[in-house]
Amino acid sequence: MKLSKYLLPTLREAPNDADNASAQLMQRAGMIRKVASGIYEWLPLGLRVLRKVERIVREEMDAAGGQEVWLPVIQPKQLWEETGRWGVYGKELLRLKDRKNAEFCFAPTAEEVITDLARREIRSWRQLPAMFYQFGLKFRDEIRPRFGVMRAREFLMKDAYSFHAGEEDASAYYKVMVEAYKKVFARCGLKFKPVEAQSGAIGGSYSHEFMVLAETGEETVVSCSKCEYAANIERAEVKDSYAAPAAADFKPLAEFDTAGKTSVADVAALVGRPATEFLKTQLYMLDGKTPVIALMRGDHELHEAKLAAAVGSPALYRASEAQYEATMGCKVGFGGPQGHGGVAVYCDFAARSVLNGVTGANKDGLHADNFNIARDLPGIKGFFDLRSAAADDPCPRCGGATEFFKGIEVGHTFKLGTKYSSAMKAEYLDKAQKPQTMVMGCYGIGVSRVVAAAIEQGHDKDGILWPAAIAPFQCAVVVLDEKDDARVRPAADALVADLAAAGLDVLEDDRDGKPGVKFKDIDLIGIPFRLVVSKRTLDAGELEFKRRGSSEVERWTPAEAVARLKALAAG
């Protein structure tokens, strides 16, 4: 490919709204252009990378026994109502109507439509197990799209679904897919870690996220330094190691004025007591109408995904100020967990150990002192793991020290069980010709997100550092002095032809321009290897070779260039 004929509009500066490295570099390198908030055009260079990732994913899905399908992105409301998710997905679900006023959504995922396909086409145990996958556009109406294609509203995803005759087969195949995912990300040249994760709105009994490790990642990974345990911060377990205080130590409950102070930090400073002696009450609404209280020790932070898991529903949202005042009977910041008959109270493990604690009194301006859960809060739902893991928390498996990393989620596998197949009556006939419910698995990869994650993991001050397997071109041939020496053009054309014949992707920079400008563009777009053909190199009977990211320049003879470059590109 000749760069003079290629649409590669590089930029010296990134747009002002590019808020992370990949968003900046993808736009500077001419890979994408923003059309609207969270919606991007993919230009030829970006699409080449996207297709290379897609090819690797497709090969590993085929190797795992998958069959590729193409599912619709516009899906009918009726299917989503069957599973009860039409309302659960909330405002992220883009809803629309056709000319007949029938309601549809633009798919953010495909559980309903694939389960509908399976229940219509799979009849017998002889057809199981089966796995179907697709590459398709997804749309999730993010409230605040950011980080370029990392958290865009429209994105390319590979989603796969497996159907099984029983739990044992589904569990065995889940392991096959986890290994397939490891191969995908290893082949893409990424440093990654599979971690235990919450299943969220997709559901299922357990799941794993695949995290690309990068300092700029928005996810936190907790990993054991001794065993193989790893989990995202939502899932990272905190064991119950907290003892309840003795009732004999309880002091009489009392109320006191906190001079308008509402936060734990402010009240703690006012009374001169540590945050560990406080109990903070946080109010949530289930399905927008049922209040739920989470009770935490004052120095700990609630993780909403853990609360949702304890409650058993993802449809959980922080109460508004009006909902808070209506439920608690006071202004925000003065509420306590006591005295709210019928409101479920979920206590974090650590809350159990608080003796004679401080909490809200449910009266404006007042807090309660000497509050003890065992005496003052009968009828709680129980004690649960609700807080975010901290650096001093031991590994929940082996007790070893834990480490914290930043990561970017690029894939997610779910053991779905029968959540969707039961709701949609996806059944097969077993050997005795009796109907049985199919057991399902679900496996997603954010293909466009992989591209951005690779850049977050690999870049420097000059631009992108692609892993060789997904680089848009493996080699750049930069042509210099063409106007000064008639030998340069034929020599460059012959070199490009030889490299292409050897199966290498080559970009030939044949543009008019200064060497420095050409070199900067090649570094910016991240091509792993660069060869220079010029009057000087021809006079010396050699080529100039340089690896991306290295300052060392090597001299090669034209006769050896193809074989050496092919060996380097092969890894």
Q) Gly339 fails exactly one of the following numbered conditions: (1) over 21 Å from Ala361 (Cβ atoms); (2) surrounded by fewer than 18 Cβ atoms within 10 Å (Cβ to Cβ); (3) free of Cβ contacts under 8 Å to residues at least 40 places away in the same chain. What is the number of that condition? A) (1)
(Q) Name the single residue that is farthest from His367 (Cα to Cα) among those in region 237-276 being β-branched (Val, Ile, Thr) and in a loop (DSSP other than H, G, I, E, B). (A) Val238
**Q.** Tally, over region 296-312, of residues that are free of Cβ contacts under 8 Å to residues at least 24 places away in the same chain and in a loop (DSSP other than H, G, I, E, B)
**A.** 1
Q: Return yes or no: is Gly46 at pLDDT below 95, in a helix (DSSP H, G or I) and not β-branched (Val, Ile, Thr)?
A: no
Q.
Looking for something among the hydrophobic types (A, V, I, L, M, F, W, C), at pLDDT 90 or above, part of a loop (DSSP other than H, G, I, E, B) and surrounded by fewer than 20 Cβ atoms within 10 Å (Cβ to Cβ) - is there at least one such residue anywhere in region 211-234?
A. yes
Q) Do we have any residue at all in region 357-368 that's outside any loop (DSSP other than H, G, I, E, B), of a type in the set (Lys, Arg) and in contact (Cβ under 8 Å) with a residue 40 or more places away in the chain? A) no
(Q) If I ask for residues that are charged (D, E, K, R) and within 22 Å of Ala389 (Cα to Cα), which ones from region 289-327 would you list? (A) Arg297, Asp299, Glu301, Glu304, Lys306, Arg318
Q.
What's the number of the only condition in (1) more than 28 Å from the chain's Cα centre (by Cα); (2) closer than 30 Å to Leu156 by Cβ that Ala491 fails to meet?
A. (2)
Q. Any residue in region 192-212 that is without any contact (Cβ under 8 Å) to a residue 40 or more places away in the chain and farther than 30 Å from Gly84 by Cβ?
A. no
Q | Exclusive hit being farther than 19 Å from Asp116 by Cα, touching a Ser or Thr at 6+ places or on another chain (Cβ under 6 Å), buried (at least 19 other Cβ atoms within 10 Å of the Cβ) and not assigned by TED's automatic domain parsing to the domain that holds Ile143, set Gly38, Gly30 | A | Gly30
Q | Contacts under 7 angstrom Cβ, first residue in region 49-72 being without any contact (Cβ under 8 Å) to a residue 60 or more places away in the chain, partner outside any helix (DSSP H, G or I), 6 or more apart | A | none
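The values are calculated or read from the model by the stated rules, or taken from the named source; none is laboratory data. All figures in this text were calculated on a predicted structure; none of them were measured in a lab. Positions of Cβ are generated from backbone atoms using ideal geometry, with glycine treated the same way; all protein chains shown enter the neighbour counts.
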